[in-house]
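Please read the structure below before turning to the comments.
Computed from the coordinates by the stated procedures, all read-outs in this text should not be read as laboratory data. All figures in this text were calculated on a predicted structure; none of them were measured in a lab. Note: ideal-geometry Cβ built from the backbone for every residue, glycine included; neighbour counts use all protein chains shown.
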Amino acid sequence: MILIYSDEITPRIEYIFKLVFNQILQVDIAFTTNSSEFRKSELPKINYSVEKFGEEFYIKPHRLTNCKALLKPTINSVWYEGKKYFCESSNDSILPFDPFAASFYVVTRLEEYLESDRDKLNRYPAQKSILESYKLLQKPIVNIWAKLVADKLSEVYSTIEFPQNKFKFISTIDIDNAYAYQNKGFWRTSAAWARSLLKGEMAEHKKRKRVFSGKERDPYDTYDYLDTIFKGNEDKVKFFFLLGDYGRYDKNISHTNDAYRKLIKRTKAKYDIGLHTSFATSKKGGKKKVKIEKQRLEEISGAEITRNRQHYLMLKFPRTYNRLIKAGIQEDYTMGYSALTGFRGGICTPYYYYDLKHETTTNLLIVPFQVMDGTLLHYMQLTPEKAIEEIKQVMQEVKNVGGTFVSVWHNETVNDLGQWKGFRKVFEEMNSLGFEWANSTSN
């Protein structure tokens with residue numbers, strides 16, 4: 001047990017201390033606003049207030065954790081052991097920066113509430129992140145800061161012990177488009193035939209013909225292959241299915257299609273599944289669409305659906321998460337960037353969403369991801385060899401802190417065809433290493 005003293009235990013202070021100590025460091029804490037009780041206590045303790053009493057473990061709080069309004073805080077740079085951090089503390093604090101305020105700032109995504117710049121799809125750009133500007137995006141900095149606090153506490157209190165966290169690995173597959181050619185319906189199929197002929201795409205035309213004649217497998221039908229990769233590790237895999245109506249950014253086959261329904265049921269029999277909420281849910285009327293799409297997947301699978309990832313990673317605070325909560329979603333896997341690998345929330349431990357608008361901790365568990373297939377190829381423009389290096393580097397960062405590594409791939413990106421030639425090997429090496437590390441008895 002670690003005792004935390006502060007003049008006032010604000011919702012922000014309670015949230016971030018529980019995240020750091022309960023969820024990351026896996027130790028119990030208690031709070032007090034009674035200075036006399038704090039001074040007399042024989043427990044390992046932290047003074048997180050404006051007044052230092054003596055030689056205790058002291059961190060002067062940054063004003064961010066005591067703020068009660070959704071305002072943009074003043075963020076100043078602080079250097080510590082050759083590294084540039086933020087949220088200054090004081091000269092008499094055990095650290096020159098406040099790791100709790102800094103952690104709160106990045107995990108709650110406060111900057112995303114306030115930043116008006118967006119990319120062409122109206123998403124928060126990775127380049128605007130404080131972690132990217134401080135060259136910290138490739139580090140699970142919140143986990144690193146938590147370990148720093150733990151080490152400092154151990155120096156003061158020699159009897160305190162922190163459990164060693166074990167590396168975890170989750171491989172996720174988004175089904176944006178279950179089949180390239182098949183099961184699209186008469187009009188979509190006819191239009192696609194016509195387009196390929198008018199554009200003179202004879203190779204495409206011939207391939208489509210071979211698929212429909214049964215001479216060749218649909219290029220997006222990689223499900224048997226995925227089963228071979230995941231065999232024996234099905235508990236570490238999750239599939240997310242798009243059930244939205246057809247639109248410009250939502251081009252999956254209909255939720256009423258028999259083949260698609262069979263695919264969902266087949267997948268549900270082996271793996272955990274979740275909803276891949278459509279692009280349309282991020283627009284007007286999206287709250288109703290989330291509920292409809294969730295109901296569709298529940299009806300098809302015969303199971304309650306509690307997991308989600310937003311299509312195109314459409315995430316806007318606080319609207320997106322509040323819509324998911326109202327629809328009954330309990331876990332979301334959207335926390336990551338399209339443009340860059342790394343740690344959008346600065347953390348590789350699943351954590352609960354804090355609603356800054358209402359200043360309250362919710363029951364929605366955020367499961368961050370670090371690597372996505374499209375990021376490697378389209379945004380970072382890496383070769384398969386460089387992509388493997390990038391993944392291993394990020395995965396090692398997660399392993400170093402005993403976090404959870406989560407990847408995002410798609411059924412069509414593992415087919416080893418066209419632009420994805422060579423990326424099947426990337427996928428296989430990533431999963432092989434991830435499963436090996438996750439299944440080992442020690443990290």
Translational D in µm²/s for the chain (Stokes-Einstein at 25 °C, 0.890 mPa s, Kirkwood Rh from C-alpha pairs):
104
Using +1 at the C-beta of Lys and Arg and -1 at the C-beta of Asp and Glu, which of Tyr260, Leu313, Leu324 has the Cα lying farthest in the positive direction of the dipole of the chain?
Tyr260
Over region 2-156, the quotient of the Cα radius of gyration and 2.2 N^0.38 Å is 1.08
Compare Asn177, Asn308, Asn91 in a GNM of the chain, Cα atoms joined below 10 Å, and give the one with the largest fluctuation.
Asn91
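When the dipole is taken about the Cα centre of region 2-156, and only Lys, Arg (+1) and Asp, Glu (-1) are charged at their Cβ, what size is it in debye, to the nearest 20?
Details: 21 positive and 21 negative charges, 114 e Å.
For this selection, approximately 540 debye.
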Can you give me the long-range amide H partners of Leu364? Hydrogens built in the peptide plane at 1.01 Å from N, cutoff under 5 Å, separation of 5 or more residues or another chain.
Tyr353
Most fluctuating residue given options Leu340, Leu313, Leu377, as computed from a GNM of the chain linking Cα atoms under 10 Å
Leu377
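Over 24 Å between Cα atoms, which of Lys284/Lys316; Lys268/Lys289; Lys168/Lys238; Lys135/Lys283 qualify? Mind showing how you got there, number by number?
Values: Lys284/Lys316 13 Å; Lys268/Lys289 22 Å; Lys168/Lys238 14 Å; Lys135/Lys283 33 Å.
Long pairs (Cα-Cα over 24 Å): Lys135/Lys283.
I need to check one value: relative contact order of region 2-156, counting alpha carbon pairs closer than 8 Å and at least 6 residues apart, in percent. Intermediate results must be reported in sequence, preceding the final value.
Details: 196 pairs, mean separation 31.3, N = 155.
Once normalised by length, the contact order is 20 percent.
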Say we join alpha carbon atoms closer than 10 Å with springs in a Gaussian network model of the chain; which of Ala101, Ala30, Ala126 then has the biggest fluctuation?
Ala30
Quick one: putting +1 on the C-beta of Lys and Arg, -1 on the C-beta of Asp and Glu, what dipole do you get for the chain around its Cα centre, in Debye to the nearest 20?
2200
